[in-house]
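Encoded as structure tokens, the structure appears first; notes follow it.
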Amino acid sequence: MAVIEIQNLKKNYGLHVGTRDVSFAVEQGEIFGFVGPNGAGKSTTIKVLLGFIFAQGGSASICGLDVVKNTKAIKAFTGYVPSDVRLYGGMRVRELLKRNAAFYDDVQAGEVERLCALFEIDTEKRFQELSTGNKKKVSILCALMPNPRVIILDEPTNGLDPVMQKVLFEELKRRTALGATVLLSSHNLAEVEEYCGRVAFIQEGSILAVTNLGEAVTHRKIITVTGGPGSAPEELTLLREEGEKKVYRTELSGKVLLAAIAAMAPEDFTVENESMEEYFWNLYGLGDV
Amino acid sequence: MNIFLLELRNLRKSAIAGTLSISGVIVIMLAFFPSMQNESMQALAGAKMAGMDEALLKALGLSAMLDFSVITNFFGYAVQYIALAIMVLLVQKAVALFIKEETDGTIEYLCAKQVSRGDIVAQKLLAYFVVVVGTVALYAIVTVGGYLLVTDYSFGQAVREASIIFGGILYVALVFSAVGVLASTLIKSSRGVAGVTVGLVFGTFILGIMAVVVPKLDFLKWFSPLDWIKTEKLMNEGILPGEWVAGIAVIVCATAAAWLRYRRKDLLI
């Protein structure tokens, strides 16, 4: 069942295009990646989903509720972690958490305590005294506190140390296992590769592809060949040349792949699964960079 | 009521600072009053004003109030400028009411919560209204106390006079505030707050002066709410029916326009 559905979303800021044509659906229980360069339209899409801005065309819904008409109802079960966390600086964290809890009907005190312990949050400090990473942790706690069915995160690991990144994603995995749905906008391809099942790639306001990483990435191979007189068969796509080295991508595997490499009679070669990063570069036409 | 409480908290510090400073000015002005009853001081003030152009005296609200030994005349003159300062302090808060959260980025947090834009507008306006009424009421209380100390007014007389003066100030503050709130939904950054505030308060104040000084521009008094509450006029005629209609129309229209605008605007995040 699609929890988040976006159809042909179009948003302009005056002459500047925010999104041109964005469509994708996020299924219940998945961690869905949303990837693209700066200015591609990721944040614009999220802002429309959360009712911060209004689209000029297309539609978007969360749990079947239109994001424009039902924004308050949607927020009751949606948690959001912004990229740049800005809260009331003069407040102590414990007061912020108390006020945040007051926005919802059924925040469990035990859950707040568990999250504070999990993310190692010092509740006695004023928000403005916190480091970027600690501010992010407070924002994550505010978003997760009401136990949301839908979690939208915009660059959630910016500023978080590796341990906390791991803690965050383990918590997200735990919640998705219980039925929550996560939309993760990120520049960090490694975390997207590790935690997301499917990914929407966006460029200049349009979706390039919605990819099931399990199918698209892991079954393609990157072959790096050094030297050798033979030419590559057409099933191997040349991505780039680095001196004597040539880098190919192919969907061949097993004996057929070995035969193709043998035909080139290379001095040396390596074979590895295509990484998310490699996939990204090629999808965006940057494979020869 | 969470946003209401948050907004009260946000307004708290500047409201306290503003209230203390204006209350201080009121106390200082009233402390001067006993010395104004001195005959030589009256003669000095009278001589100074006799040398001034009549139109200028009128513009300054002094035309028929030359006897500063009467507290209503003395404080009524000073309160014109106190009212100007009150308007600046309150309108500044009104203009910042919505745009500050956008410039500070806290609106991203607020709007992600279980609230509608209508909730945000209603609760912020309510918090602002409480601050306006609270601070103006406090000025009135300080004034009553001052009157009792420096005059032989009874408590009832002091309350009546302070109620008329600060009731008028409250009404005009609400008129200005409504326009300020509308401006808050229109401007692009909180950096524009000071400019809009000064333009709104001093701009209309200058229009009022022009209306008095240039007879042909008499109609401009309709655009100068501070002229509606010049003490002499307020004491004798009160706020005129046309001024009630114009002010209430501005309050209703500007607040409704701000509400409609904020519900459909793209937040600047």
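The values are calculated or read from the model by the stated rules, or taken from the named source; none is laboratory data. Everything numeric here is computed off the predicted structure, so don't read it as measured data. Every residue, glycine among them, receives a Cβ derived from its backbone with ideal geometry; neighbour counts consider all protein chains shown. Please note that ligands, DNA and RNA were not included when accessible areas were found on the heavy atoms of the full protein model with its side chains. Shrake-Rupley method; radii C 1.70, N 1.55, O 1.52, S 1.80 Å.
Would you confirm whether or not the stretch A:123-142 contains a residue that is closer than 19 Å to A:I6 by Cβ, within 14 Å of another protein chain (Cβ to nearest Cβ) and under 23 Å from the mean Cα position of the chain (by Cα)?
Within the stretch A:123-142 (the criterion being closer than 19 Å to A:I6 by Cβ, within 14 Å of another protein chain (Cβ to nearest Cβ) and under 23 Å from the mean Cα position of the chain (by Cα)), the answer is no, since none of the residues qualifies.
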*Kindly list the number of the only condition in (1) within 14 Å of chain A (Cβ to nearest Cβ); (2) at pLDDT below 90 that fails for B:D218.*
(1)
*Could you please find all residues in the stretch B:53-96 being at pLDDT 70 or above and not in a helix (DSSP H, G or I)?*
B:D53, B:D67, B:F68, B:S69, B:V70
*Might you check whether a residue that is closer than 29 Å to A:I202 by Cα, open to solvent by 80 Å² or more (accessible area, probe 1.4 Å) and polar (S, T, N, Q) occurs anywhere in the stretch A:258-277?*
yes
*Tell me which residues, restricted to the stretch A:58-112, are polar (S, T, N, Q), within 12 Å of chain B (Cβ to nearest Cβ) and open to solvent by 20 Å² or more (accessible area, probe 1.4 Å).*
A:N70, A:T71, A:S83
*Output the number of the condition that B:G118 fails; it satisfies all remaining conditions of (1) surrounded by 22 or more Cβ atoms within 10 Å (Cβ to Cβ); (2) within 14 Å of chain A (Cβ to nearest Cβ).*
(1)
_I'd like to know if the stretch B:231-247 contains one or more residues that are within 14 Å of chain A (Cβ to nearest Cβ), without any contact (Cβ under 8 Å) to a residue 24 or more places away in the chain and within 30 Å of B:G118 (Cβ to Cβ)._
no
*Report, by residue number, each residue of the stretch A:145-167 that is among the basic types (K, R) and surrounded by fewer than 17 Cβ atoms within 10 Å (Cβ to Cβ).*
A:K166
*Only one of (1) over 21 Å from B:S14 (Cα atoms); (2) within 14 Å of another protein chain (Cβ to nearest Cβ) fails for B:I107. Which number is that?*
(1)
*Unique match (being under 21 Å from the mean Cα position of the chain (by Cα) and under 21 Å from B:S189 (Cα atoms)) among B:L138, B:L110, B:L125*: B:L125
*Give the residues of the stretch A:196-233 that are of a type outside the set (S, T, N, Q), open to solvent by 30 Å² or more (accessible area, probe 1.4 Å) and assigned to a strand (DSSP E or B), sorted by residue number.*
A:R198, A:I207, A:L208, A:V210, A:K221
*Are any residues in the stretch A:169-195 in a helix (DSSP H, G or I) and at pLDDT 95 or above, and if so, which ones?*
A:F169, A:E170, A:E171, A:L172, A:K173, A:R174, A:R175, A:T176, A:A177
_Filter result for A:A55 (modelled with pLDDT of 95 or more, hydrophobic (A, V, I, L, M, F, W, C) and part of a strand (DSSP E or B))_ = no
*Within the stretch A:47-64, work out how many residues are in contact (Cβ under 8 Å) with a residue 60 or more places away in the chain and touching a helix residue (DSSP H, G or I) at 6+ places or on another chain (Cβ under 8 Å).*
3
